[in-house]
1. If you take all C-alpha pairs in segment A:27-104, what percent of them are over 21 Å apart?
2. Considering only the other residues whose Cβ falls under 13 Å of the Cβ of B:Asn229, what net charge follows from Lys and Arg at +1 and Asp and Glu at -1?
3. Between B:Ala241 and B:Ala100, what length in nm is gained on full extension when 0.36 nm per residue of separation is reduced by their alpha carbon distance?
4. Which value in Å does the Kirkwood hydrodynamic radius of segment B:69-151 take, with 1/r averaged over all unlike C-alpha pairs and then inverted?
5. Assuming R0 = 45 Å, what is the FRET efficiency of B:Thr199 and B:Asp256, from their Cβ-Cβ distance, to the nearest 0.05?
6. Separation between the A:Glu203 and B:Gln23 pseudo-spin-labels, each 7 Å from Cα along Cα→Cβ, expressed in nm?
7. Whole-Å semi-axes of segment B:3-44's equivalent ellipsoid, largest first, each the root of 5 times a Cα gyration tensor eigenvalue?
8. At a probe size of 1.4 Å, how large is the accessible area of B:Tyr151, to the nearest 10 Å²?
Amino acid sequence: MVETGRADGRNPNQLRPFSCTRNPLNRAHGSARWSQGDTVVLAAVYGPKPGTRKGENPEKASIEVVWKPKTGQIGRQEKEYEMTLKRTLQNICLLTVHPNTTTSIVLQVVNDDGSVSFHHIIAPLQLTSFVSAAVAISCGVMENGAVILDTSKAEEQQQLKSFAHLVFPNSCKSVVGLKEPKQKDEQVERGLITSITHGVMSEDDYFNCIERGLAASSRISEFMRNTMQKDASEAA
Amino acid sequence: MAMEHLRWRPTVNERDFIESALQSDLRVDGRRSFDFRRLDISFGRGCVFVEWVVIIDVVAVSFREDGSSEVQLGETRVMGYVTAQLVPPYRDRPNEGTLAIFTEFSPMADPAFEPGRPGESAIELGRVIDRGLRESRAVDMESLCVVAGKYVWSVRVDLHILDNGGNLIDAANIAALAALSTFRRPECTVGGEDGQQVTVHDAEVRDPIPLTIHHLPIAVTFAYFGEGNIVVVDPTYKEEAVMGGRMTATVNSNGDVCAIQKAGGEGVMSSVIMQCLRIASVKAADVTSKIRTAVEKYATEKALKKVKRLPASMSQKTNAPDVTMVDKGDDKLGSQSVETLSDVQQISKDPSVVIEANDHEDAKPMITESSTEVKTTSSSGAAVESDEAQEIRSPKSLKDAIKPKHKRKKRKDNRS
């Protein structure tokens, strides 16, 4: 295997170890802390609250996202994250169930070591009140053309020619109850909900990223499913 | 859009219940009048239980997360983060650094907190902590001067309120102190022909330096009920909604009063105020020792981790993967685990310092599943390969993960 020389010694297809904590906060209606390697994000969900803001469609539920960086003022980067996340969630959630309500989501970056914009947003949300329906992965393309998964901050800033954040729909439809034996060739919903790229990459590299991301996302979604099942069985 | 309707308002029954309980010297959560809630201080990545795999990641990358703390006081949770940068100093203080405190009342803490402009209570909290820390000269400013009149360190403390369970001032104060105590600023040297060139050294080159903290000013908040007759310490958010007035006294363990804040509310007799100040200094000593213990524990953990950079000690850690390999019963796995153990036996003769560190490590995998909150961790190194024929097994991937870059090649020869 070619050594791509990742700083922390990982293989190109190796994700950082991830862990999650459900409901660490008391006041929020739902909350979760997701950490992947050194990147840690805390998410809290409140709602649905009655009424929608001006400009939002009252026939659907609206989602409000607030993104809080660890230090510094809120700038354009944070606004971009908020907007991307809001659009991603609007496509995942069933908005017609609670019309004319606002659900607000607040994210706090506890530590930023790369890939902070996505995993950490999507994953804790699944664990708070939304059913897990999407998984996020970030892939990067290195100078020599190798594709690596789950980029850390050092990699994003120094080594990568370009990188992409991808959000895929979850592969398995049921979350609670059914314990299907995991088959090697499960039907996978192949689609892409969100894709944000930075830098220049060739089409082949991009599709390569997508393929690898899809494979990796199944691991993450399995982990999340286990978490939710554990919680459901404890509640039962 | 006014969020007033979202602020939690107690019902008449709740108010009566809390007040009448206090008449009989009982608090709703079972505490005594002058007891603080349970205080938990954690540092670094903000996780109390750090799974061992994350620790290994830390060793491979330099430890940059100094100055980050997370404090939990009962249900209230506050995160503090300290950063510093070189800036020109103020004109009237050319040889002093600056300290600025920014408080964020995050909307996640309370539905009544709005994002954007800070409300009244946010500004009040910021001012109280600022007075207690900066104006009492708890942090030495002159040591932050690099080139007088040109470059000084400007320290910025960001306090994020994550969960509002009441008594935010005290919790935020502790978070700020904890973060400042563990913060390390990069060392810099002044050189060049004119003595004006400043070189800031990276953490890898020279160890960063801690701040000089003269004393720890601790804020203690009192809530008054029943026309100033009943006093409790550390009110919860329900008690805060019902109280008649409040006072915050910032004192240090020497008994010096650094700041007092009593903004309106019910009138309280001066004898009661004096009694509160005495109670505050007792509480301050208690909290100071808790902060110091937590900071020291964190410092020793960091020092131990530095020791583990030695190659011999690195491979000892492969003992731990055995615990996480439970769910993968594969032959390939079995053969590899045998290999890793044989590696370990070769270098079993190690200085005792390292072995002690390893014991510390071994204890950790046991607690990954047992935490008070529901916490699940990825059971393997989460190794993923798109080529399914060659799924990477956990010990190999973890060994790759724990190897520092410059040692990788040496180990590979031994293994294959």
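1. Above the 21 Å cut-off, segment A:27-104 has 34 percent of its Cα pairs.
2. -4
3. Difference between extended and current length: 47.8 nm.
4. The answer is 15.0 Å.
5. 0.70
6. 8.1
7. Listed largest to smallest, the semi-axes of segment B:3-44 are 25, 21, 6 Å.
8. Spelled out: B:Tyr151, probe radius 1.4 Å, area about 80 Å².
The values are calculated or read from the model by the stated rules, or taken from the named source; none is laboratory data. Quick caveat, the model's predicted, so the values are computed rather than measured. Glycine gets a Cβ as well: all are built from the backbone with ideal geometry, and neighbour counts include every protein chain shown. Note: areas computed on protein heavy atoms with side chains; ligands, DNA, RNA excluded. Shrake-Rupley method; radii C 1.70, N 1.55, O 1.52, S 1.80 Å.
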